[in-house]
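The values are calculated or read from the model by the stated rules, or taken from the named source; none is laboratory data. Nothing here was measured: the structure is a model prediction, and the numbers come from that model. For neighbour counting, all protein chains shown are included, and Cβ atoms are generated from backbone atoms with ideal geometry for every residue, glycine included. Side chains included, ligands, DNA and RNA excluded: accessible areas come from the protein's heavy atoms. Shrake-Rupley method; radii C 1.70, N 1.55, O 1.52, S 1.80 Å.
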Amino acid sequence: MQLTHIEGGFAAPVFDSQSVFRAVMDAMAQPGTVQAVSVATQPPAPLSPVAAAVALTLCDHDSKLWLDAPLRSAGAVAPWLGFHTGAPLVAEEGEAQFALVADAAALPPLARFAQGTQEFPDRSATLILQVQAFDGGPVLVLEGPGIETQAQIATTGLPADFLVQWRANNALFPRGVDLILTAPEGIVCLPRTTRISLLED
């Protein structure tokens, strides 16, 4: 096995994964808030350090993982994730419990991913998306559980039809996917319960 497949993971796996897990839980509990991820990873490109830290925290040998085209075509990414998480890779979006997306703007339709069932909504997928930043884009207004009144994000790098897709996903509750957006400044979570609209000028 090449050193590039081994190096660059958590320096202190137990403590690092606990730190990132707390950040994810805080972000899920407070949609729209940016939670810093201070744990350093050095994954092969185009996988970002923050997305890698989230993947290493959430994925294990029981987690089916789907990678988008840029990550699949990067020869070092799959072996690196395999070594550090043990997660089996799947070819179809609908088979995955977790999806890792380097190019969020080219994200496949959310409906292709596992939606869960009415009886087992937890069998849906969680998508880890790399975006450019949490500012500079269209201002999105967030409402719902965990948000006192409203929250706002201005994420750059989401699909052009994101709002249309998200409203359809939101309408499926208790089914539907959850999103973890990752950027250099940290993570923002969008649980399926979050309602999103475009800020009116």
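A few points about this structure:
- Phi to ³J(HN,Hα) by Karplus 6.51 cos²θ - 1.76 cosθ + 1.60 over region 95-104, Hz, x for Gly, Pro: 8, 8, 8, 10, 10, 10, 10, 7, 10, 5
- Approximate spin-label separation Leu163-Asp60, in nm, with each point projected 7 Å along Cα-to-Cβ: 4.1 nm
- Peptide packing for 172-178, 148-154, 185-191 was compared via the average number of neighbouring C-beta atoms within 10 Å per residue; ordered from the highest value, the list is 185-191, 172-178, 148-154.
- Between the listed residues Gln30, Ala52, Ala133, the Cα displaced farthest toward the positive end of the dipole of the chain, a dipole computed from Cβ unit charges relative to the Cα centre, is found at Ala52.
- Under the Karplus curve 6.51 cos²θ - 1.76 cosθ + 1.60, θ = phi - 60°, whole-Hz ³J(HN,Hα) for region 106-120, x wherever Gly or Pro sits: 9, 4, x, x, 4, 5, 6, 8, 4, 9, x, 10, 4, 7, 10
- Shape of region 63-179 from the C-alpha gyration tensor: oblate (a/c of 1.5 or more and a/b not above b/c, with a ≥ b ≥ c the square roots of its eigenvalues).
- Protection proxy ranking for 49-61, 118-130, using the average of other Cβ atoms within 10 Å per residue and placing the highest first: 49-61, 118-130.
- FRET efficiency for the pair Ala106 and Ala11, taken as 1/(1 + (r/R0)^6) with r the Cβ-Cβ distance and R0 = 41 Å, rounds to 0.80.
- Label assignment, percent of Cα pairs over 31 Å apart derived from the structure, set [x] 13; [y] 42; [z] 30: [x]
- Here region 58-123 was treated as a single set of alpha-carbon atoms; its pair distances binned every 10 Å from 0 give 21, 52, 24, 3 percent.
- Within the shell defined by Cβ-Cβ distances under 15 Å, the residues around Pro145 carry a net charge of -2, with Lys and Arg each +1 and Asp and Glu each -1.
- Bridge orientation summary for the chain: considering DSSP beta bridges with both residues in this region, about 55 percent are antiparallel.
- Per atom type, the chain shows carbon and sulfur on 55% of its accessible surface, probed at 1.4 Å.
- Here the gap between Thr156 and Gln42, fully extended at 0.36 nm per residue and compared with their Cα-Cα distance, gives a gain of 38.7 nm.
- Cβ-derived FRET efficiency at R0 35 Å, Arg72 paired with Asp135, nearest 0.05: 0.75
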